[in-house]
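Notes for the one structure printed next.
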Amino acid sequence: MLLFLSSIAGIITTPYGGPYAATKHAIEGMALTLKDELEEFGVQVATINPGAYIPVLTTGQLRKNGNGSMEKRI
C-alpha cells in the first residue's frame, strides 16, 4: 500500500491559497495515476486529506477535566 499525506486543499481551494493548493493537487494527481498504474500488481494507493484544525501548541494548552473531556485553558 502507498499512502500519501495531502490536505483538504487538494480537493477544495480557498482564496490566496493557490501555491499551497497546487502542491496538494499535485499529490492527488500522482496518487490517482499510481492507483491506476499499480492496480494490476495488487498495490493499493490512498491519500489522507486532513482539514483545518486548531493546533494546541499555538493556541494555548488544553487540560483534561475530571469527566475526561477537554477544556481550553485561557
Which count do you get for residues in region 33-47 that are surrounded by 12 or more Cβ atoms within 10 Å (Cβ to Cβ) and part of a helix (DSSP H, G or I)? 3
Inside region 1-32, can you point out the residues that are without any contact (Cβ under 8 Å) to a residue 24 or more places away in the chain, touching a strand residue (DSSP E or B) at 6+ places or on another chain (Cβ under 9 Å) and loosely packed, with under 12 Cβ neighbours inside 10 Å? none
Checked 42, 66, 29, 18 against criteria (on the phi > 0 side of the Ramachandran plot and either at pLDDT 60 or above or more than 12 Å from the chain's Cα centre (by Cα) (or both)); the one match is 42
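The values are calculated or read from the model by the stated rules, or taken from the named source; none is laboratory data. Please read all numbers here as calculations on a predicted model, not as lab measurements. Please note: Cβ atoms are built from the backbone with ideal geometry, for glycine as well, and neighbour counts cover all protein chains shown.
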